[in-house]
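Step one of this worksheet: look at the structure below.
Only the coordinates and a few stated rules stand behind these numbers; no lab work does. Bear in mind the structure is a predicted one, so any value in this text is a computation, not a measurement. No Cβ is skipped: glycine too gets one built from the backbone with ideal geometry, and neighbour counts run over all protein chains shown.
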Amino acid sequence: GPSPWQVLALTSLYLAAVYACAAWALRRRGLDRPIGTPQGAAWFAGVTAVAGGFAAAGYVAILVSGGLLNSSEAWSSVGRYWIGDFNGIIALTPVLLLLKVDRAPLWEEIRRHRRELMLQALGAVFGVALAFALAAARDVRLFYPLFAPVTWVALRHGVPGAMISVSLVQAALLAALALTPGSIPLFDVQFPLLSLGVTALFLGALATQHDRALRQMHDQDAVLQRSMRFAVAGQLASALTHELNQPMTAMLSYVRSAELMTEPLARADERLAATLRKAGEQAGRAAAVLRRLREFYRGEGARLEPTDALSVCARVAEALRDRMRRSAVEFELRNRAGLPSVMVDRTQLEIVIHNLLTNCLDAFDALPARGSRGRRIELAAEVRGADVLIAVDDSGPGIAPNVMDRLFEPFVTNKLTGMGLGLSLSRTFLLHQGGDLWTEPSRLGGSRFVVRLATEPTAQTSL
């Protein structure tokens with residue numbers, strides 16, 4: 001007959017082939033990653049049960065054929081091997097599958113529920129003590145109270161918590177059986193352990209599916225709330241532009257009239273003429289901004305034209321020069337030679353740059369009069385691929401962490417007098433023109449916003 005080594009090699013090849021087929025079947029069902037649904041748990045348990053049965057039957061058949069096992073013990077051996085393999089795979093495989101995914105959420109779950117986990121650990125200690133009592137008393141009925149802590153963990157932490165707890169309970173029980181002379185036979189405990197593992201698997205899958213559904217509902221609700229805020233912001237901006245358009249037009253007319261009426265006085269004092277001229281320019285700019293906002297919210301396309309981005313930035317900075325001087329802010333515009341023209345709506349770009357610079361000034365105004373750092377704003381441009389990037393960097397207090405993730409959503413602000421529409425509107429303008437707006441770590445220690453502008457015409461996106 002065959003030697004024991006030949007029988008061992010044959011059984012090893014057979015078991016490897018059976019479980020390779022089982023792994024292939026599970027992978028085809030997408031079960032080569034952590035189990036998260038009752039359907040997945042059912043497929044996993046079913047394939048494992050069938051594979052365990054084939055493995056046990058073939059293994060025993062080879063042993064009997066090789067003369068290493070009496071045929072009278074074949075059926076009982078098949079049952080023992082089947083339950084042992086089934087139980088081991090059910091307990092360990094879901095835990096091993098956790099190694100294939102990012103475990104950071106698992107550690108975060110442990111950190112957030114550490115107090116509850118301490119109570120569950122006390123339950124595990126009780127389970128270990130009960131396992132030793134079970135081994136000494138030779139009474140399988142003492143095993144069933146272990147279902148309580150495992151069920152608790154499964155319902156609270158899903159499949160990962162359920163199967164980790166099952167593995168720990170099994171390890172404690174096997175250690176108790178090994179260390180206690182004359183204890184209860186291992187086979188008498190395997191079926192209750194299998195029942196515990198299958199129960200924990202299905203309860204954990206139900207809990208995981210429920211938690212995932214709650215997260216999806218929360219995410220959908222957040223998307224809906226965000227969409228509603230954008231809609232309200234659009235309606236509000238449209239209403240404001242409509243209501244302010246006529247007063248702004250009238251103001252511009254009054255300024256022009258004042259220039260004509262005070263022309264004789266202006267010859268005597270040039271400051272009067274310069275002041276009225278600046279007032280007229282700002283009133284005209286405000287009227288143009290309102291007009292472009294109204295056209296934008298009517299759904300009209302942006303008026304894209306080749307534009308010198310730095311000249312627009314310089315114009316906006318000049319309009320804010322007096323405020324910068326009053327706030328003791330040092331401003332630097334880094335002019336890069338050979339910067340290509342960008343295809344943008346000039347007025348909308350002015351709105352974006354004006355909003356970014358005024359945000360910097362508002363942040364400085366909120367600081368004490370005597371700050372520990374110099375107040376500085378830098379505006380620089382560079383070419384990156386087919387785009388021009390404009391960075392606005394300041395040495396202010398920076399962006400509050402509680403609004404960082406929602407910075408470009410409407411009505412999100414950390415300013416007492418702010419409405420939270422400037423950044424949202426600015427980014428919407430840029431996206432509509434094929435550009436973008438984002439934030440980066442500041443070189444000056446405050447906040448840094450980067451504007452991306454296209455140098456070639458792009459398809460305008462709809463609102």
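Could you calculate the FRET efficiency of Arg277 with Thr358 from 1/(1 + (r/R0)^6), where r is the beta carbon distance between them and R0 is 25 Å, rounded to 0.05?
0.70
Once the other residues with Cβ under 12 Å from the Cβ of Gly204 are scored (Lys, Arg +1; Asp, Glu -1), what is the net sum?
0
Apply 1/(1 + (r/R0)^6) to the Cβ-Cβ distance of Thr37 and Arg443, taking R0 = 35 Å, and write down the FRET efficiency to the nearest 0.05.
In this case the efficiency is close to 0.15.
With a ≥ b ≥ c the root eigenvalues of the C-alpha gyration tensor of the stretch 4-222, is it rounded (a/c under 1.5), prolate (a/b larger than b/c) or oblate?
It is oblate, given that a/c is not under 1.5 and a/b is not larger than b/c.
Relative to 2.2 N^0.38 Å, what does the C-alpha radius of gyration of the stretch 1-104 come to as a ratio? Two decimals please.
Relative to the 2.2 N^0.38 Å estimate, the stretch 1-104 comes out at 1.23.
Quick one: length gained pulling Asn335 to Leu13 fully straight, 0.36 nm per residue minus the C-alpha distance?
Net length gain for the segment: 108.6 nm.
What's the exposure ranking of Cys313, Cys21, going from fewest to most Cβ atoms within 10 Å?
Cys21, Cys313
So how strong a dipole does the stretch 301-454 carry about its Cα centre when Lys and Arg Cβ are +1 and Asp and Glu Cβ are -1, to the nearest 20 debye?
Rounded to the nearest 20 debye, it is 380 debye.
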